1. Would you pick out the residues in the range A:172-224 that are in a loop (DSSP other than H, G, I, E, B) and aliphatic (A, V, I, L, M)?
2. Sort out which residues of the range A:357-371 are assigned to a loop (DSSP other than H, G, I, E, B) and crowded, with 20+ Cβ neighbours inside 10 Å, and write them in order of number.
3. Just for the range A:66-84: of the residues that are touching a helix residue (DSSP H, G or I) at 6+ places or on another chain (Cβ under 6 Å) and of a type in the set (A, V, I, L, M), which one is nearest to A:Y101 (Cα to Cα)?
4. When residues of the range A:285-322 are filtered for being among the polar types (S, T, N, Q), in contact (Cβ under 8 Å) with a residue 12 or more places away in the chain and farther than 22 Å from A:A151 by Cβ, how many remain?
5. Looking at (1) in contact (Cβ under 8 Å) with a residue 60 or more places away in the chain; (2) surrounded by fewer than 16 Cβ atoms within 10 Å (Cβ to Cβ), which is the one condition that is false for B:P137?
6. Select from the range A:276-289 the residues that are polar (S, T, N, Q) and within 16 Å of the chain's Cα centre (by Cα) and list them in ascending order.
Number of protein chains: 2
Amino acid sequence: MREVAIVGAGMIPFGELFHQSLKDMVAKAFQATLDSVDKGMRADEIGAAWFSEVQSVDGFPAGLLADTCGLLDIPVTRVENACASGNDAIRQAVYAVGGGYVNVALVLGADKVRDTSSSSTFWEWMSTNRDMAWDLPLGLISPGSFALHVARYMHEFGATREHLARVAMKNHHNGATNPHAHLRFEVSMEQVLNAPMVVEPFGLLDCVPQSDGAAAVLLVSKDIANRYTDHPVWVRGVGTGMDRIMHAHKEDLSSFAATRRAAKQAFAMAGIGPQDINVAEVHDCFTGVEMMTYEDLGFCGRGEAPRLLEKEETSIGGSLPVNPSGGLLSKGHPPGATGIAQCTELFEQLRGHAVNQVDGAKWALAHNVGGPTAVSAITVLEGPSA
Amino acid sequence: MREVAIVGAGMIPFGELFHQSLKDMVAKAFQATLDSVDKGMRADEIGAAWFSEVQSVDGFPAGLLADTCGLLDIPVTRVENACASGNDAIRQAVYAVGGGYVNVALVLGADKVRDTSSSSTFWEWMSTNRDMAWDLPLGLISPGSFALHVARYMHEFGATREHLARVAMKNHHNGATNPHAHLRFEVSMEQVLNAPMVVEPFGLLDCVPQSDGAAAVLLVSKDIANRYTDHPVWVRGVGTGMDRIMHAHKEDLSSFAATRRAAKQAFAMAGIGPQDINVAEVHDCFTGVEMMTYEDLGFCGRGEAPRLLEKEETSIGGSLPVNPSGGLLSKGHPPGATGIAQCTELFEQLRGHAVNQVDGAKWALAHNVGGPTAVSAITVLEGPSA
């Protein structure tokens, strides 16, 4: 296996992009990513591409990427793995580049959630992304599905809605200064606790916004990395774990088994452990999911996540800053783009140029959990000094 | 890169499977494939899986495969590349196994076209799988899209509807004896020519049926292949090529540029040429597409495809039998399963146990073309004697 480097990463500002088509978003994210390569890269140097797209609202997905970016001579593949699509698509490219099949790979993620031009809408997609026989008729689309987990966790470990609010306050604080973020405002404890209830225990500000957006990374093999930059970021570990689809079949609602499985793979491949991570972008689709994920990733022991929040250990300046970009809660969540945008943020963190820079960060982790909490994908990155 | 072997391949009979859910089909194809491994394989030996599924009619696709087959600890990824999904999914697994990341990989394809349980129907999928601005409003769903190409080819090279009918007669003749085929009957020249017109130049018997089905292959690295069989089939080449989505943007309608691009990659990787192929499964979604594809794959020169059919060179007993399984026209076409089922057929051909055996076949090729003729995926296989 060859070592795999990220030499470019870019994104467009997430938001309600009614004025941009999916093609516009893809083209802009592609150009931003090519432009991010220190020593430059031409599109015709790319040997294969992956498109992380969940909803498919504007024609043939892989073809849309190929056509829009002029990448007709190379393989382009759509990867769909619910909200874990982004980091799972990066895994495919790592195999191709690390395996010696491809020298330069593009992984681009995009989704358009706020408006659609076809009969395949966000809510129709939601309906096909659940167990169809039992969970869907019970209303277990995304908010209800995650709420079952978080409510159980709160019951077992004495966490409160104030703990959840701390996640929203932290991530909105970080995102408020991120020019790429969808919701660039701070929120107070009172605002979070008094926001309209969506599904117990999540008020509106505990929930991710629906965002449009696109992001991309460029992966190359080690032997050619210095053609493109003197400061490559290394992909050291990838992992994807699954879980039962039906909530009645999950062994323990107070934990995300998919995340534990993905983390085990990614850390084993990287040869490091959670204690080595200096900065992480974690899938905070709902506040309580970030809190629980601290434990599933091994950032703390069972039941200790609320204390981590009380001590602000995951805030910037703490021992392990999580979601310095603002996370999904503030930066936004176009499902196909989310995992890629996490790696774009961490690329900048590890090169020392992020908006909310974590000083001296050497190891970083990006994490998605998606579908009916039945898939997680994780990428472990190491900075250029290594 | 490690050499990659197919050590197991299975499928369920294609057809109108109203009595089987997608989960039933997946479970049966998975079991048939495990059972096909000469020396046996346990499910827990599988290190990663790919799910080729186009329509997503029953919940979260990757999760459905993981949950149904009990593959929770390993990465499972859905690959969607329109009707080229099957062979494109195999490419992902080749990278993973050949690259040294995974020792045993499952690639399973399935789709349910004849009935759906959700709001996401076949025709809604069709509508999102085209150029949405121009081609779709003009009616360029699959039959019309391919008809534009074939009509142009016929105009330029003097091919006739009788040539197209020869493809239907040949493939139905082959499929009539294939217990896995959807439409197991012979058709005559008169029947093909007199069938109700779908879209010029395609009558009903020039068109693929809509089928439900599932198929799978098991890929392993060379160093462990003999644990599973003494007769492995080798994956020597993979390739995926793209083309413009809009028909107005295609350079030459009398050829499929995506196929030419995929073939160039796959043959280069395999280190052989089209003249070396002994048996092929080619994407005959419409009769004329198989005919044109002979040229795009290099099986004959420009304009020579009609003569190949007149001389029955692609019939069993000819110099290069194409679609001995019955092809899509007779065996059926559940989009996600189609490419995998082609490789299942060729696995049996290269091991000498196919229903319509091509004597002494050593090299085989599987080919898909899909979407708005904007993607093609090809797999080149070599038999065990090598």
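1. Of the residues in the range A:172-224, the ones in a loop (DSSP other than H, G, I, E, B) are A:176-188, A:195-196, A:200-201, A:208-211.
Across the range A:172-224, the qualifying residues are A:A176, A:A181, A:L183, A:V187, A:A195, A:V208.
2. Answer for the range A:357-371, where residues must be assigned to a loop (DSSP other than H, G, I, E, B) and crowded, with 20+ Cβ neighbours inside 10 Å: A:V358, A:A361, A:G371.
3. Among them, the one singled out is A:V76.
4. So in the range A:285-322, the residues among the polar types (S, T, N, Q) come out as A:287, A:293, A:314-315, A:319.
Keeping just the survivors that are in contact (Cβ under 8 Å) with a residue 12 or more places away in the chain gives A:287, A:293, A:314-315.
Within this subset, residues satisfying the condition of being farther than 22 Å from A:A151 by Cβ are A:315.
Count: 1.
5. It is condition (1) that B:P137 fails.
6. A:T287
Yes/no per residue for (1) of a type in the set (A, V, I, L, M); (2) under 23 Å from B:L205 (Cα atoms):
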| residue | (1), (2) |
| --- | --- |
| B:L297 | yes, no |
| B:G332 | no, yes |
| B:L350 | yes, no |
| B:V358 | yes, no |
| B:V369 | yes, yes |
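For every residue, the table says whether it meets (1) small (G, A, S); (2) within 18 Å of A:D212 (Cα to Cα).
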position: A:G10; (1), (2): yes, yes
position: A:F14; (1), (2): no, yes
position: A:Q20; (1), (2): no, yes
position: A:V37; (1), (2): no, no
position: A:D44; (1), (2): no, no
position: A:S56; (1), (2): yes, yes
position: A:G63; (1), (2): yes, no
position: A:D67; (1), (2): no, no
position: A:A89; (1), (2): yes, no
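The values are calculated or read from the model by the stated rules, or taken from the named source; none is laboratory data. None of these values were measured; they are calculated from a predicted model. Here Cβ is always computed from backbone atoms with ideal geometry, including for glycine, and neighbour counts include all displayed protein chains.
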